[in-house]
Amino acid sequence: MTRLSIEQAEGRLTEIFAEAGASPANAASVAWALVMAEADGLKGHGLSRVPTYLAMLRSGKIDGQAVPIESRPKPGVLAIDACHGFAYPAIDLAVIELPDMTRAQGVVACPIRRSSHCGAAGLHVERLAQQGLVAMLFANTPGAIAPWGGSKPVFGTNPIAFAAPLAGREPVVIDMALSKVARGPIVAAKQKGEAIPEGWALDVHGKPTTDAAAALAGTMVPLGDAKGATLAMMVEILAAALVGAHFGFQASSFIDAVGGPPDTGQLILAIDPHAMGGNWFDERMRVLTHAIEAQEGTRLPGVRRLALRAKARAEGIEVGEELLAL
């Protein structure tokens, strides 16, 4: 393993993706998202994704030259077509355009269609919260969760991310998949030949498994059992039906180069907290965070991630020799 600074790792990954056929802008966008996920300790959305991203890029499953296209069909809607490219450039466009729109409109919805894997969803809403917005992101993903009581995947693990600004502090960020664990750690376990904990996934027969390959061929256990499965359906409606994207059971995999573009979707909701009829938001957030942090042993969501990010900025991140050799 070699330890690189965040900037060095981003630079190397940008070169790798550009050499594989991505435009310079797209390569840089992907590199930033993967390196920041790695720095934040979210390894299932970090450097472990490089081999499969490259395979999808080289096969044409993802168009590395795609330029996202925006339209504004209604005053409160910023619609983005990712054009079967990486999700990150489309989300970057949303992060650029949404703040001014939202401050003018109060609330803006941003559907993103013909998209792909959006990685660590919390990173995207965090950038909006850093600009003073409350933001949510819903993303549908390839089929991995069965309807409760079923055995065939219909819904994806379908992450939900939320971020809100805190006066004088980094935003609070919540990021969770609707399976008991995100699929990324299982992909990473398969790559390393490691077992996964029982309770994460079921095999194709609906039986609990600790084998990562069997888990990927089967289904994920939803967070909160039946409640998680219904939440996954909600995200399918918000991020696919509303957006015009494939449902999870129609989408091709994010972890191989087989098939056509995944054609999944994301929906970002951005809210100006000071457009609700008063200027109480910052004070209300201070009251809430104090009530949480006043209790021994508690912390705000995202605090651990920020600590890992600070450590990565100071000490760098570990990069495997096989990655450097690509």
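Residue pairs whose Cβ atoms lie under 7 Å apart, separated by 6 or more positions or on different chains, with the first residue in segment 46-73 and without any contact (Cβ under 8 Å) to a residue 60 or more places away in the chain and in a helix (DSSP H, G or I) and the second open to solvent by 10 Å² or more (accessible area, probe 1.4 Å) and among the hydrophobic types (A, V, I, L, M, F, W, C), are LEU57/ALA20. If you go through segment 106-119 and keep only what is closer than 27 Å to SER253 by Cβ, touching a Leu at 6+ places or on another chain (Cβ under 7 Å) and open to solvent by 10 Å² or more (accessible area, probe 1.4 Å), you end up with just PRO111. The residue that is farthest from ALA90 (Cα to Cα), counting only those in segment 120-153 that are in a helix (DSSP H, G or I) and open to solvent by less than 20 Å² (accessible area, probe 1.4 Å), is ALA129. Of the residues making up segment 74-85, those that are closer than 20 Å to LEU269 by Cα, part of a loop (DSSP other than H, G, I, E, B) and open to solvent by less than 60 Å² (accessible area, probe 1.4 Å) are GLY76, ALA82. Filtering ALA239, ALA215 for residues that are touching a helix residue (DSSP H, G or I) at 6+ places or on another chain (Cβ under 8 Å), open to solvent by less than 20 Å² (accessible area, probe 1.4 Å), part of a helix (DSSP H, G or I) and on the phi < 0 side of the Ramachandran plot leaves a single hit, ALA215. Screening GLY184 against (1) open to solvent by 10 Å² or more (accessible area, probe 1.4 Å); (2) touching a residue at least 60 places away in the same chain (Cβ under 8 Å); (3) within 23 Å of ALA82 (Cβ to Cβ); (4) not basic (Lys, Arg) leaves a single unmet condition, (1). Note on segment 154-172: residues that are open to solvent by less than 50 Å² (accessible area, probe 1.4 Å) and not hydrophobic (A, V, I, L, M, F, W, C) amount to 6.
The values are calculated or read from the model by the stated rules, or taken from the named source; none is laboratory data. All values reported here derive from a predicted model rather than from experimental measurement. As a convention, Cβ positions derive from the backbone with ideal geometry for all residues, glycine included, and neighbour counts pool all protein chains shown. Calculation scope for accessible area: heavy atoms of the full protein, side chains included, ligands and nucleic acids excluded. Shrake-Rupley method; radii C 1.70, N 1.55, O 1.52, S 1.80 Å.
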